[in-house]
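The values are calculated or read from the model by the stated rules, or taken from the named source; none is laboratory data. Keep in mind it's a predicted model, so treat the numbers as computed, not measured. So basically every Cβ, Gly included, is an ideal-geometry build from the backbone, and we count neighbours across all protein chains shown. Ligands, DNA and RNA are stripped out before the accessible areas are found, and what is left, the full protein with its side chains, is counted by its heavy atoms. Shrake-Rupley method; radii C 1.70, N 1.55, O 1.52, S 1.80 Å.
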Amino acid sequence: MSDEVQSRLMGTVNESEHTPAVDCYEGDPELLPVSEAWRRIESQSAPVSGQERVALRDALGRLLAEPIVSPMNVPGHTNSAMDGYALAAADLPAGGSLRLAVLGTAWAGRPFDDEATPGSAVRVMTGAVMPRGTDTVIMKEQVQEQRDDGGDTIIIGPDHHAGQNVRQAGEDIAIGDQVLCAGKRIMPAELGLLGSLGIAEVNVKRRLRVAFFSTGDELRSLGESLALGEVYDSNRYTLYGMLTRLGVDLIDLGVIRDEPDAVHAAFLEAARLGDAVISTGGASTGEADYIGETLARLGEVRFWRIAIRPGRPLAFGRVGDALFFGLPGNPVAVMVTFYQFVQPALLRMMGSNEAHPNATVRAICESSLRKKTGRVEIYRAILGQDAGGRPTVRSCGKPGSGLLHTMSDANCFIILPEDGDSVAPGAEVDVQPFFGLI
Ligand code: AMP
Ligand code: MG
């Protein structure tokens with residue numbers, strides 16, 4: 001399902017066709033379909049170059065700069081998967097039972113030095129190298145152990161098969177196998193995998209630099225007092241959180257006043273410092289909104305209005321070598337547009353090999369959701385399950401795009417596609433969960 005949803009939300013976007021720059025900010029008043037917006041963003045967001053070598057622990061969250069080829073077999077030696085007795089398959093009884101002499105013990109990390117002769121067995125612990133002359137292990141619980149003066153013996157019954165309970169050398173990873181590809185994000189499993197191969201350092205892509213600023217005369221920084229009509233700059237903090245989790249280098253340029261010269265200077269500074277630039281606020285066409293016109297003057301506007309709610313004024317283009325995202329000012333719209341457009345674009349620039357990371361699942365909607373056809377609508381919602389264990393989802397209530405606490409209440413987005421209508425309770429909808437196992 002998720003592929004279908006992604007292609008509906010973002011469009012199928014493999015064409016390399018060049019989109020002509022929209023050089024006039026006033027020239028594109030139509031709402032751009034989300035799929036086309038993503039196509040334009042994708043065609044502009046090429047991976048940046050540069051890499052660095054880091055110690056394994058420091059690679060957590062980073063993206064591999066080159067593939068990892070295994071320098072060894074894992075496991076390195078054929079070994080026992082159980083505590084039990086190793087013997088040659090040729091000695092397994094076809095029917096009835098058989099007594100075998102126990103020659104000694106092989107421990108994990110302490111092999112049995114001799115060869116097992118036919119008609120004998122060696123006691124083995126889980127992880128012990130299989131003694132020479134053996135290829136099969138019988139679980140300790142499945143034999144009768146006997147200790148007497150003539151030495152230890154075991155009696156084994158029928159119904160065993162050759163090679164059972166043995167892990168072959170290279171069964172998990174063979175020497176020369178490519179285990180991880182370039183662009184793979186190092187998560188806990190990858191850390192462990194690299195550790196299992198004895199790899200202490202890896203080459204990772206350099207961190208992307210992202211400069212961001214908030215615009216608005218009404219914005220105050222924390223620690224300042226608020227006069228009538230002023231608000232604290234919260235976008236700076238949500239952006240800080242989202243960008244930090246993504247693993248980029250942040251350049252926080254603070255609050256910029258709604259003045260053409262100030263916005264102009266912020267653009268230039270941000271583009272000089274960052275591979276990507278994000279602004280919030282001032283992206284619509286109000287009298288104090290200077291983002292679109294400054295972008296048009298200094299760089300290229302690729303679009304500035306998308307058929308999505310929340311998030312409609314979203315300016316996208318370039319200033320110098322930097323990719324520019326002019327997000328709306330409303331705090332929820334900032335988060336929605338960041339996750340839907342900016343994060344996937346930044347991941348591409350970082351060199352991630354995930355085509356599009358925003359996975360979706362289907363769930364039964366318990367709320368009734370109003371929807372205008374012709375635009376994608378995104379609701380903040382809570383994913384749960386019904387008594388039968390089926391996924392259900394309900395809206396967080398008020399849809400206002402300034403209500404940041406609804407983002408905090410939510411654990412997912414409901415994504416209603418462009419061509420869909422309003423949703424009645426009981427209908428299935430597409431849901432994007434906020435978190436997986438992290
Ligand atoms: P704008 O897009 O600039 O018209 O802003 C839309 C709404 O979002 C206004 O109510 C702003 O006060 C609010 N807003 C803009 N930027 C921020 C910010 N950084 N933090 C909190 N609210 C903001
Ligand atoms: Mg504003």
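For the chain, modelled as a GNM with alpha-carbon contacts under 10 angstrom, which of ARG40, ARG370, ARG110 fluctuates the most? Among ARG40, ARG370, ARG110, the largest GNM mean-square fluctuation belongs to ARG110.
What the chain shows is 47 Å² of accessible area per residue, with the surface traced by a 1.4 Å probe over protein heavy atoms.
For a distance above 28 Å, tell me the whole-number percent of Cα pairs in the chain that qualify.
I get 62 percent for the Cα pairs in the chain exceeding 28 Å.
With a cap of 11 neighbouring Cβ atoms within 10 Å, and only residues DSSP puts in a loop, list the trypsin sites (Lys or Arg not before Pro) found in the range 149-194. Here no trypsin sites (Lys or Arg not before Pro) fit, given the DSSP loop and packing criteria.
Using C-alpha pairs under 8 Å with a sequence gap of at least 6, the mean separation divided by the residue count of the chain gives a relative contact order of 17 percent. I'd like to know which of MET350, ILE199, LEU180 lies farthest towards the positive end of the charge dipole of the chain, counting +1 on Cβ of Lys and Arg and -1 on Cβ of Asp and Glu. My answer, from the dipole projection, is MET350.
Could you please state how large a percent of the accessible area of the chain is carbon and sulfur, counting protein chains only and using a 1.4 Å probe? Looking at the chain in its full context, I get 50 percent from C and S. If you build a Gaussian network model of the chain, linking Cα atoms that sit under 10 Å apart, which residue out of ILE156, ILE41, ILE414 swings the most? So, out of ILE156, ILE41, ILE414, the one fluctuating most is ILE156. Per-residue 3J(HN,Hα) values for the range 395-409, derived from phi via the Karplus relation 6.51 cos²θ - 1.76 cosθ + 1.60 with θ = phi - 60°, read 5, 6, x, 3, x, x, 7, x, 8, 5, 5, 5, 5, 6, 5 Hz in sequence order (x marks Gly and Pro). Among the GluC sites (Glu not before Pro) in the range 95-152, those located in a DSSP loop and surrounded by at most 14 other Cβ atoms within 10 Å of their own Cβ are GLU115. What is the distance in Å between the Cα centroid of the range 197-219 and that of the range 131-177? What the calculation gives is 51 Å, centre to centre. Here the gap between ALA81 and LYS140, fully extended at 0.36 nm per residue and compared with their Cα-Cα distance, gives a gain of 20.1 nm.
So what are the range 393-438's ellipsoid semi-axes, whole angstrom, largest first, if each one is the square root of 5 times an eigenvalue of the alpha-carbon gyration tensor?
19, 15, 10
Since only ALA46, ALA271, GLY241 are under comparison, the one whose Cα sits farthest along the positive direction of the charge dipole of the chain, derived from C-beta charges on Lys, Arg, Asp and Glu, is GLY241. Relative to one another, the C-alpha centroids of the range 325-353 and the range 256-315 are positioned 14 Å apart. Remark: C-alpha extents of the range 218-280 on the principal axes read 37, 30, 15 Å, sorted largest to smallest. Please report how far the C-alpha centroid of the range 38-82 lies from that of the range 377-438, rounded to the nearest whole angstrom. Using only Cα atoms, the two centres lie 33 Å from each other.
Protection proxy ranking for 332-340, 195-203, using the average of other Cβ atoms within 10 Å per residue and placing the highest first: 332-340, 195-203. A Förster radius of 30 Å, combined with the Cβ-Cβ distance separating ALA387 from LEU437, puts the computed FRET efficiency at roughly 0.75. Provide, for q = 0.21, 0.22 Å⁻¹, the log10 of I(q)/I(0) from a solvent-free Debye sum over equal Cα point scatterers in the range 38-88. Values returned for q = 0.21, 0.22 Å⁻¹ are -0.97, -0.99. For the range 255-322, the alpha carbon positions stretch 31, 23, 20 Å along the principal axes, listed from largest to smallest. In plain terms, the chain from ASP409 to SER49 could stretch by 125.7 nm, reckoned as 0.36 nm per residue minus the Cα-Cα distance.
The C-alpha atoms of the chain define a longest principal axis, and helix 34-44 lies at about 80 degrees to it. Entry note: the range 78-141 has Rg to Rh equal to 0.94, where both radii use alpha-carbon atoms and Rh is the Kirkwood radius.
Extension gain, SER97-GLU36: 0.36 nm per intervening residue step, less the Cα-Cα distance, totals 14.7 nm. The per residue volume of the convex hull around the alpha-carbon atoms of the range 67-206 is 125 Å³. Scalar couplings 3J(HN,Hα) for the range 62-75, obtained by applying the Karplus form with A = 6.51, B = -1.76, C = 1.60 to θ = phi - 60°, are 8, 10, 5, 8, 8, x, 9, 9, 6, x, 7, 7, 10, x Hz; x denotes Gly and Pro. The antiparallel fraction among DSSP beta bridges confined to the chain stands at about 70%. Phi-derived couplings, Karplus 6.51 cos²θ - 1.76 cosθ + 1.60 at θ = phi - 60°, listed residue by residue for the range 155-170: 10, 10, x, x, 6, 10, 10, 4, x, 5, 6, 10, 9, 6, 4, x Hz, with x used for Gly and Pro. Would you mind counting up the charge near ASP152? Only other residues with Cβ under 14 Å from its Cβ, with Lys and Arg at +1 and Asp and Glu at -1. It works out to a net charge of +1.
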